[in-house]
Amino acid sequence: MEGIPAQARVYVVCVVLGAVYCVHALPSVTSPWWAVALLAALYAGGERFSGTFHPVLLAGAFLLPPPAAALVAVPGALLAPVDQGPRTIRRIWRAAQLAVTVWAASRVHWALGGRDAVVASDFPYALVPAGAAVLVFCLVLTALDGGILALAERVPPRLAWRGLFGRSLAPIAVHGLAGLMMAVLWRSPYGPVAALLVLLPMCVSWWAFAQYHREQAAHQATIRALVQAVDIKDEYTRGHSERVGQASMMIARELGMDEGRTEVLRFAGILHDVGKLGVPTRLLRKDGPLTPEERRVIELHPEYGHEMVRGISFLGEARAAVLHHHERLDGSGYPYGLMGSQIPESARVVAVADAFDAMTSTRSYRRARPVPAALEELERCAGSQFDPRMVTALVRALGRHGWHPAVTADEESPPRPRLPVSSRPGARR
């Protein structure tokens, strides 16, 4: 248990002892051991290949005496893959946690006459002990999870349990219904084979859901890697991409866009400057004014960025925002001099978010402006440089939620003189 805080070690040992107590009465329990073995194998297989497989555990709680139900979770938890170390301790903790949780749920279910209700298919009464068991399952599971977060991960106690129960109750309730269906079919004339058929559609849906989450995680990792590369290259804009993504999301929500499109616009804001990877670092970090030639090189970054992301299909309209976020409504922007509605809506959103964060962040060539001054400048340029709808949406969103941007330059360094780079807001952003 090296590296684990002493309090967490004591906590894990106490939960393990609790699990031992839960199964200590097994020798005196009359239970069909083939059913225990079958459910344990099902849970182990599901945990191995599909992730958390609570319906089988809850079916065990509805079908078996508490000590036998607690045993169902142990082999699967001990064999489940673990991403982080110490792996052995994590497996033991998970096995003990689930054994205690299933035992508590099974005790409540049996105490309320749930076993007889399942055997007799007594509906709707069978839902009462099953619902109580699901509630206890969720309470014990989240209580133990919060404890380990507070002691092992050093999460503040006021945050360790916050939201755990609320987030877990709905999915566990759905798993409980599936577990109850399994238990009723198991006790029916059709037997365990019919009960196992309940798992087939659930396994398919879980597999699809897991694939979706893996895909989302890969998307996030791709974006994170690109943004980190930009931040390393241009130290004075570190954090700028995330803030532009946040501001773009605020504008999108204020405009009433759906969550899917809002997320795409967040991606657009985060990736809008990825083309700076193709710009020489000395130009990005130059303290003095840019020459016309140097400015032309920097103004190539939207096209570089579009080339980098155009093959990433999940970005959708975010790719157009990367290419056109420096266009202006009056047609004097770059790279193509588009005007008005020719500029994609996503690019008009990101243009406002980008300019706002550029003005309210300290850069190598000037100090940050106050938020009211930045908003005043955006409103002054609305209609010529920026879309007035996007400016109004940002003003309203900031009025509701406020804005607390991080300073991207090193505040301990001596203040740099404000240099006359350009009269346009955020010209070198």
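Looking only at residues that are aliphatic (A, V, I, L, M) and touching a Pro at 6+ places or on another chain (Cβ under 8 Å) in the range 112-133, which one is nearest to Leu144 (Cα to Cα)?
Filtering the range 112-133 for residues that are aliphatic (A, V, I, L, M) and touching a Pro at 6+ places or on another chain (Cβ under 8 Å), the one nearest to Leu144 (Cα to Cα) comes out as Leu112.
If you check Leu196 against the conditions, is it within 21 Å of Gly60 (Cβ to Cβ), open to solvent by 40 Å² or more (accessible area, probe 1.4 Å) and either of a type in the set (Lys, Arg) or assigned to a helix (DSSP H, G or I) (or both)?
In short, yes.
Taking the range 221-234 only, how many residues are out of contact with any Lys or Arg (no Cβ under 7 Å at 6 or more places or on another chain) and open to solvent by 20 Å² or more (accessible area, probe 1.4 Å)?
Qualifying residue count for the region: 8.
Against the definition (within 31 Å of the chain's Cα centre (by Cα) and closer than 20 Å to His301 by Cα), how does Glu345 come out, yes or no?
Here the answer is yes, as Glu345 does meet what is asked.
Among residues belonging to the range 147-187 that are among the β-branched types (Val, Ile, Thr) and over 24 Å from Val128 (Cα atoms), point out the one that is surrounded by the most Cβ atoms within 10 Å (Cβ to Cβ).
Selected residue: Ile148.
Say whether the condition of being under 19 Å from Leu58 (Cβ atoms) and either at pLDDT 85 or above or aromatic (Phe, Trp, Tyr) (or both) is met by at least one residue in the range 145-156.
Yes.
Tally the residues that are in a loop (DSSP other than H, G, I, E, B) and open to solvent by 20 Å² or more (accessible area, probe 1.4 Å), restricting the search to the range 307-333.
Matching residues across the range 307-333 total 10.
Enumerate the helices (runs of 4 or more DSSP H) found wholly within the range 105-188, keeping only those where 2 or more residues are of a type outside the set (A, V, I, L, M, F, W, C) and under 22 Å from Leu17 (Cβ atoms).
127-152
In the range 279-306, what residues are open to solvent by 40 Å² or more (accessible area, probe 1.4 Å) and in contact (Cβ under 8 Å) with a residue 24 or more places away in the chain?
Thr281, Arg285, Lys286, Asp287, Pro289, Glu299, Leu300, Glu303, Tyr304, His306
In the range 4-56, what count of residues is obtained for those that are modelled with pLDDT under 85 and not in a helix (DSSP H, G or I)?
10
Touching a helix residue (DSSP H, G or I) at 6+ places or on another chain (Cβ under 9 Å) and of a type in the set (Lys, Arg): which single residue out of Arg94, Arg90 fits that description?
Step by step, each of Arg94, Arg90 is checked, and only Arg94 is touching a helix residue (DSSP H, G or I) at 6+ places or on another chain (Cβ under 9 Å) and of a type in the set (Lys, Arg).
If Gly337 satisfies all but one of (1) of a type outside the set (Asp, Glu); (2) in a loop (DSSP other than H, G, I, E, B); (3) surrounded by 15 or more Cβ atoms within 10 Å (Cβ to Cβ), what's the number of the condition it fails?
(3)
Spot the failing condition for His272; the list is (1) touching a residue at least 60 places away in the same chain (Cβ under 8 Å); (2) more than 27 Å from the chain's Cα centre (by Cα); (3) crowded, with 18+ Cβ neighbours inside 10 Å, and only one is missed.
Unmet condition: (2).
Given the condition closer than 23 Å to Leu151 by Cα, touching a helix residue (DSSP H, G or I) at 6+ places or on another chain (Cβ under 6 Å) and open to solvent by 30 Å² or more (accessible area, probe 1.4 Å), answer yes or no: does some residue in the range 9-22 qualify?
Checked against the condition, which is being closer than 23 Å to Leu151 by Cα, touching a helix residue (DSSP H, G or I) at 6+ places or on another chain (Cβ under 6 Å) and open to solvent by 30 Å² or more (accessible area, probe 1.4 Å), the range 9-22 yields at least one hit.
For Trp161, are the conditions met, namely being in contact (Cβ under 8 Å) with a residue 12 or more places away in the chain, farther than 17 Å from Leu58 by Cα and of a type outside the set (Val, Ile, Thr)?
yes
Going through Tyr125, Tyr190, Tyr212 one at a time, which residue ends up being open to solvent by 60 Å² or more (accessible area, probe 1.4 Å), at pLDDT 85 or above and among the hydroxyl-bearing types (Ser, Thr, Tyr)?
Tyr125
The values are calculated or read from the model by the stated rules, or taken from the named source; none is laboratory data. All figures in this text were calculated on a predicted structure; none of them were measured in a lab. We place every Cβ from the backbone using ideal geometry, glycine too, and count neighbours over all the protein chains shown. Quick note on the areas: whole protein, heavy atoms, side chains included, nothing else; ligands and nucleic acids left out. Shrake-Rupley method; radii C 1.70, N 1.55, O 1.52, S 1.80 Å.
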